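The values are calculated or read from the model by the stated rules, or taken from the named source; none is laboratory data. Just so it is clear, the structure is predicted and the values come from calculations on it, not from any experiment. Quick reminder, even Gly has a Cβ in these numbers, built from the backbone with ideal geometry, and neighbours come from all protein chains shown.
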Amino acid sequence: MEQLTLGSCIRSLRIQNHLTQSLLAQKLGVTDKAVSKWERDLSLPDITLFPKLSETLGVTVNDLLSGCREECRPSKMMQLFEVSRDIRMPLHVMLGFTEIAKQNHNDPDLLMRYLEIIKVSGEYLMSLLNCVMQEGHCMDPADGREVVPMQQEQLEQYLRDRVLSGLERQEDYDFSGKRILIVDDVAINREIAAEVLKRTGAETETAVDGLTCLQKIGAMAADYYNLILMDIMMPGIDGLEATRKIRSLPDPDKSGIPIIAMTTNVSEKERTAALRAGMNAFCEKPVFIDELLATMSRYL
């Protein structure tokens with residue numbers, strides 16, 4: 001492809017398919033603003049959108065990924081500090097679906113689906129890391145200090161230690177009889193959380209955004225849900241606003257339900273905003289199972 005960035009690829013293909021930004025956003029279930037930022041190379045689509053995005057634009061996933069491999073520096077990726085969410089999303093998908101694939105190894109069709117998701121996520125992550133590492137180093141925009149990337153061996157050991165320890169201790173948690181509401185606008189994230197919690201005996205329900213969450217809370221008895229896992233960045237009513245509305249409900253049993261923030265944005269500002277909105281705790285994506293279950297156990 002002739003385009004040098006993913007943003008210019010998306011814009012060119014959108015025009016070729018006679019789609020407005022608004023119509024493309026509608027087909028993908030995102031905001032017009034999100035599509036505009038992609039095309040201006042200010043952000044990248046979530047990896048979970050790539051299959052649907054490629055189908056809508058009439059190209060393959062690899063065609064879109066090639067736009068990341070050639071001089072892909074949306075605002076120089078806003079430096080490693082600013083693109084942590086883009087990097088953590090494919091990590092979250094890869095780690096989550098690796099665990100799910102292990103649990104479904106006897107189902108060839110499911111296994112192949114999960115392996116394909118892991119493969120695409122890995123390719124996407126590699127393209128992002130290649131773009132960032134072209135700079136050789138990154139500067140933290142908060143204070144101008146140089147950020148030294150973690151060495152590959154350190155990163156592998158870090159992930160291995162935390163993921164394996166989580167898998168070893170997962171059976172220690174029994175949430176039988178508990179009902180958890182998972183609120184996330186990304187289907188893959190909901191699937192990962194539900195599969196992880198299923199092994200603890202918990203029952204799960206899902207909501208695609210803050211509005212659906214509020215509707216479910218309003219329709220059910222006060223003790224129906226025991227805990228909410230709430231994504232923060234969602235279209236429409238986001239996790240912070242949904243939490244504030246829940247905390248203002250007149251029924252104290254509903255307004256007091258434990259809410260754990262789940263987000264790829266790990267900045268101190270985001271943590272503070274979550275706690276101020278009334279969330280009880282904060283868990284990062286990618287989901288490390290031991291951390292998530294340990295946090296949930298404090299409220300269950």
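Being among the hydrophobic types (A, V, I, L, M, F, W, C), in a loop (DSSP other than H, G, I, E, B) and within 17 Å of Ser297 (Cα to Cα) is the filter here, so list the residues in the range 186-211 that pass it.
Across the range 186-211, the qualifying residue is only Ala202.
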- prompt: Within the range 182-197, can you find the residues that are under 14 Å from Met234 (Cβ atoms) and either surrounded by fewer than 21 Cβ atoms within 10 Å (Cβ to Cβ) or among the aliphatic types (A, V, I, L, M) (or both)?
  reply: Ile182, Val183, Val186, Ala187, Arg190
message: If I filter the range 57-70 down to residues being at pLDDT 70 or above and within 15 Å of Glu39 (Cα to Cα), which single residue comes out as surrounded by the most Cβ atoms within 10 Å (Cβ to Cβ)?
response: Leu64
- prompt: From the list Leu115, Leu125, which one is more than 13 Å from Ile188 (Cα to Cα), modelled with pLDDT under 80 and assigned by TED's automatic domain parsing to the domain that holds Leu53?
  reply: Leu125
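Hey, can you tell me all the residues within the range 212-232 that are buried (at least 17 other Cβ atoms within 10 Å of the Cβ) and modelled with pLDDT under 95?
Asp231, Ile232
Out of the range 34-56, which residues are at pLDDT 90 or above and not hydrophobic (A, V, I, L, M, F, W, C)? Before you say what the answer is, go through the steps one by one.
Restricting attention to the range 34-56, the residues satisfying the condition of being at pLDDT 90 or above are 35-36.
If the condition is that a residue be at pLDDT 90 or above and not hydrophobic (A, V, I, L, M, F, W, C), then Ser36 is the only one that fits.
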task: List the number of the failed condition for Asn106; all other conditions in (1) at pLDDT 75 or above; (2) closer than 23 Å to Arg11 by Cα; (3) among the polar types (S, T, N, Q) hold.
output: (2)
statement: Log entry, pairs with first residue in the range 207-233 being free of Cβ contacts under 8 Å to residues at least 60 places away in the same chain and in the same structural domain as Ile188 (by TED's automatic domain parsing), second being part of a loop (DSSP other than H, G, I, E, B) and surrounded by fewer than 16 Cβ atoms within 10 Å (Cβ to Cβ), beta carbons closer than 6 Å, six or more apart or on different chains, reads Asp209/Gly236; Leu211/Gly236; Ala222/Asp251
